[in-house]
Amino acid sequence: MISNEKIKSIYLIAICGTGMASLAGLLQKSGYRVTGSDSNIYPPMSTLLESAGIDIKPGYRRENITDGIDKVVIGNAVSKDNEEVLAVLEKGIPYISFPEAIQKFYLQNRKSLVVAGTHGKTTTTAMLSWVLHSAERKPGFMVGGWMKNFDGNHAIPEGEFFVSEGDEYDTAFFDKGPKFLHYSPFASILTGVEFDHADIFRDLDHIKDSFRKFVNIIHPDGFLLTAFSDAHAKDVLTGGSCEVETYGFSSSADWVAEDYKFKNGEGYFTLSHKDSKIATFHLPMIGRHNVENAIAVAAMGIKLGLTAQEVQKGFATFEGIKRRQEIVGVKNGVTVIDDFAHHPTAVKLTLEAVREAYPGQRLWAVFEPRSATCRRKIFEDKLPQSFATADRVIIADLFAPGKIPPEDRLDPKRVVESINENGGNAFFIPEVGALVDKMAGECRPQDVFLIMSSGGFSGIHQKLLDRL
């Protein structure tokens, strides 16, 4: 057992959330009896839980909360009037939030390494976890995506490090502060700060306040690595007491990637630290943005005592994450790629990466406005330019538009009109069936379809492959 409390049975409300599923797996492997419930049970998290032998109860029902439960973990997807939450309160069962559980069970007496930022958290966390693992440091980790190297997204720590994806989203109905404030960071990577999560943050300054609080709790003996190119990241550094170093492609950064090139599916770069050459690395991933993530991981690894050879071993064997520029199929010369991009910056960077990897081939960008932020008007003016790299663009209808007030909703037709007014070739096709008809009917060999959504997009990837 991790804790000296007499805890045997733990119940997770909203267990299928990415972080909650990771926690459930960690707790199960730690010897606890784990059960939970969710109203939205779907792969890959449901698959992970079922393969671990964890019982998932569909929906939220009062009768699920039995007297045999010793502790309840409440996810941020449920409110205080949830049936199971009310039963927990009535029975007086001790409860905590997801990030509090990570802190309680896995961060005590360890060096907590936290990857924070608006973009690139999942990839960078996964990469850092794998580099430390391949260097035999036996880290624990919690990643918000399915790591192909582990066929999962978590591991129990056996060494001194625990790596967390530091989410700025709120913690629970009883704690509206960001999750990452619970992770007691010894060291951190900050990939950048932009406006996101419009459902809980008022504006960019509100987001910055959260990141400032995070920077301020990094251990004084630890360090922070922050992206040099991100202007907003610089705004949140005041008040911290730890060492701060920058990373990026600029020669003014502390950790600099030079001589970048993309060749045979890999990115190559030479890393220097304050004008001192460290080594040349190569990474089996596409995109300059992933190389920038790798700079941060290499810098953190070296600062934690890894050799450049150990870092390169991790890079060379890193298999990536599902739903991050993942090739889901190639059929009749047509490549179908799945990606999680849902913010204008992520869309832009992902398209640029795919363009670099498939030069001379016709690139289709297919986008579902699904996240709480991109379904709103906030990015209506910024989204069109994000698709500039694509040869053809298809925008689907908003996912669950009824959850957004009509006056606040993104207008996909307006986004398409703006793309076409600026020389693009874009279409608004609200229904997935008609969308697949368009793609299958007009594609040709060597076409590349980059399909972007923060959800399942009605299984569009396989529907297209079936038609091809």
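The values are calculated or read from the model by the stated rules, or taken from the named source; none is laboratory data. Keep in mind that what you see is a predicted model, and the values were worked out from it rather than measured. Backbone-built Cβ (ideal geometry, glycine too); neighbour counts: all protein chains shown.
Residues that are in contact (Cβ under 8 Å) with a residue 24 or more places away in the chain, in a strand (DSSP E or B) and not aromatic (F, W, Y) within region 267-286 comprise G267, L271, H273, I278, A279, H282, L283, listed in sequence order. For K438, the test of being assigned to a helix (DSSP H, G or I), touching a Phe, Trp or Tyr at 6+ places or on another chain (Cβ under 8 Å) and touching a residue at least 24 places away in the same chain (Cβ under 8 Å) is passed.
Inside region 441-462, can you point out the residues that are surrounded by fewer than 18 Cβ atoms within 10 Å (Cβ to Cβ) and either in a helix (DSSP H, G or I) or not small (G, A, S) (or both)? Write out each step before concluding.
Our first condition is that a residue be surrounded by fewer than 18 Cβ atoms within 10 Å (Cβ to Cβ); within region 441-462, this holds for 441-442, 444-446, 455-456, 458-459, 462.
Listed by number, the residues that qualify are G441, E442, R444, P445, Q446, S458, G459, Q462.
All conditions but one from (1) surrounded by 16 or more Cβ atoms within 10 Å (Cβ to Cβ); (2) not in a helix (DSSP H, G or I) apply to T66; the one that does not is (1). When I13 is tested against (1) over 23 Å from G166 (Cβ atoms); (2) touching a Ser or Thr at 6+ places or on another chain (Cβ under 7 Å), just one condition goes unmet, and that condition is (1).
With respect to I429, determine if the residue is aliphatic (A, V, I, L, M), more than 27 Å from P359 (Cβ to Cβ) and surrounded by 14 or more Cβ atoms within 10 Å (Cβ to Cβ). Yes, satisfied. Considered as a group, the residues in region 340-362 that are surrounded by 21 or more Cβ atoms within 10 Å (Cβ to Cβ) and modelled with pLDDT of 90 or more include one that is farthest from V328 (Cα to Cα), and that residue is V347.
In region 254-266, of all residues being in a loop (DSSP other than H, G, I, E, B) and more than 25 Å from the chain's Cα centre (by Cα), the one that is surrounded by the most Cβ atoms within 10 Å (Cβ to Cβ) corresponds to D254. Of all residues in region 373-386, those being surrounded by fewer than 24 Cβ atoms within 10 Å (Cβ to Cβ) and in a loop (DSSP other than H, G, I, E, B) number 4. Every listed requirement among (1) closer than 30 Å to A316 by Cα; (2) in contact (Cβ under 8 Å) with a residue 24 or more places away in the chain; (3) out of contact with any Pro (no Cβ under 8 Å at 6 or more places or on another chain) is met by Y32 save one, (1).
Residue-wise test of (1) under 30 Å from Y268 (Cβ atoms); (2) part of a helix (DSSP H, G or I); (3) outside the structural domain of M285 (by TED's automatic domain parsing).
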| residue | (1), (2), (3) |
| --- | --- |
| V336 | yes, no, yes |
| A341 | yes, no, yes |
| A353 | yes, yes, yes |
| S371 | no, no, yes |
| T389 | yes, no, yes |
| D397 | no, no, yes |
| G402 | no, yes, yes |
| V415 | no, yes, yes |
| G424 | no, no, yes |
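Considering K403, K413, which residue is more than 25 Å from the chain's Cα centre (by Cα), under 20 Å from T373 (Cα atoms) and exposed (fewer than 15 other Cβ atoms within 10 Å of the Cβ)? Full working, then the answer.
On the way: K403 fails: more than 25 Å from the chain's Cα centre (by Cα).
Only one candidate qualifies: K413.
Residue pairs whose Cβ atoms lie under 6 Å apart, separated by 6 or more positions or on different chains, with the first residue in region 57-77 and farther than 14 Å from A172 by Cβ and the second modelled with pLDDT of 95 or more and hydroxyl-bearing (S, T, Y), are G68/S9; I69/S9; I69/Y11; D70/S9. Residues in region 178-198 that are crowded, with 21+ Cβ neighbours inside 10 Å and of a type in the set (D, E): D196 only. The helices (runs of 4 or more DSSP H) located wholly in region 83-191 that include 2 or more residues which are closer than 18 Å to N293 by Cβ and among the polar types (S, T, N, Q) occupy 121-134.
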